[in-house]
Structure formats: C-alpha cells, structure tokens
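The values are calculated or read from the model by the stated rules, or taken from the named source; none is laboratory data. No experiment lies behind these values; they were computed from the predicted model shown. Cβ: placed from backbone, ideal geometry, glycine included. Neighbour counts: every protein chain shown. Accessible surface areas use protein heavy atoms only, side chains included; no ligands, DNA or RNA. Shrake-Rupley method; radii C 1.70, N 1.55, O 1.52, S 1.80 Å.
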Amino acid sequence: QVQVVESGGGLVQPGGSLRLSCAASGSIFRTYFMGWYRQAPGKQRELVAAITAGGITNYADSVKGRFTISRDNAKNSVYLQMNSLKPEDTAVYYCNARVYSRDSWGQGTQVTVSS
C-alpha cells in the first residue's frame, strides 16, 4: 500500500496563491500516475489535475491557466501550484497515487478562499 500525505492547505483571499505538496511512499514513485482531486461540501469529488509518469499533464477546465501540477521524482513528491484563486476553489484537496491500477489516497488538506 502506498502512503500518501498532503500538506500546504489554508485560508487565502480571492486572487491569492497556494502551493500544495504531496509525498508518496515507494521506490518506484517515478512510475506512479499522480492526481489532485477536490471535494466541496455537498458535491462529488472531482479531478483537478493529473500528471503521468512521463510528465504529461491534464487539467479540469475550471482550473486551466491558473493551476499547475508538477512532480519531483527525486523527492517522491507532486505539487499543485494554485494561482488566481476563487471562492469556488474552496474544497478539501486530495492527492491520489495510482500504480498497477490501484489507488491510494491521502487524508486531504483544506483550501478555503475567502475575504
């Protein structure tokens, strides 16, 4: 089982920025498909951004141009840089690691965008 731990959430004003970090265990992290998801109150969990082992990225339409996902295989880590944050970005953000078709999830980190 891959262990996944997120960090970096918090309270930020509209228009501000946050950087989320996710650390995953395992000696073959470089092969993991990594994703960031979010879940707002009363809504289903949705994919925000994903990055393949080869570095190909994919984003939800709602965050394109504002969020950037990246990975550092030497640190077993993936990051989500969030700029121009909006109140509708408020949610619990979860990191997902997928390897051999098995998903591992972190505990989530709260992001609140409010003035």
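Among the residues that make up the range 86-100, is at least one of them open to solvent by 50 Å² or more (accessible area, probe 1.4 Å) and part of a helix (DSSP H, G or I)?
Step one: filter the range 86-100 for residues open to solvent by 50 Å² or more (accessible area, probe 1.4 Å), giving 86-88, 98, 100.
The next check asks that each one be part of a helix (DSSP H, G or I); those that pass are 87-88.
Checked the range 86-100: at least one residue is open to solvent by 50 Å² or more (accessible area, probe 1.4 Å) and part of a helix (DSSP H, G or I).
Can you tell me how many residues in the range 32-51 are open to solvent by 20 Å² or more (accessible area, probe 1.4 Å) and either among the hydroxyl-bearing types (S, T, Y) or part of a strand (DSSP E or B) (or both)?
In the first step, residues of the range 32-51 are kept if they are open to solvent by 20 Å² or more (accessible area, probe 1.4 Å); the result is 33, 37, 39-47.
Then keep just the ones that are either among the hydroxyl-bearing types (S, T, Y) or part of a strand (DSSP E or B) (or both); that gives 33, 37, 39, 46-47.
Of the residues in that region, 5 qualify.
Filter the range 66-85 for residues that are farther than 16 Å from V4 by Cβ and of a type outside the set (S, T, N, Q); which is surrounded by the most Cβ atoms within 10 Å (Cβ to Cβ)? Full working, then the answer.
Taking the range 66-85 and keeping what is farther than 16 Å from V4 by Cβ, we get 66-68, 70, 74, 81-85.
So of that shortlist, the ones also of a type outside the set (S, T, N, Q) come out as 66-67, 74, 82, 85.
Working: R66: 15, F67: 22, A74: 8, M82: 25, L85: 22.
Out of the qualifying residues, it is M82.
For the range 19-31, does any single residue satisfy the condition of being of a type in the set (V, I, T), touching a residue at least 60 places away in the same chain (Cβ under 8 Å) and open to solvent by 40 Å² or more (accessible area, probe 1.4 Å)? Outline the logic, then answer.
Narrowing the range 19-31 to residues of a type in the set (V, I, T): 28, 31.
Still in the running and touching a residue at least 60 places away in the same chain (Cβ under 8 Å): 28, 31.
In the following step, the residues that additionally are open to solvent by 40 Å² or more (accessible area, probe 1.4 Å) were identified as 28, 31.
Yes, the range 19-31 contains at least one residue that is of a type in the set (V, I, T), touching a residue at least 60 places away in the same chain (Cβ under 8 Å) and open to solvent by 40 Å² or more (accessible area, probe 1.4 Å).
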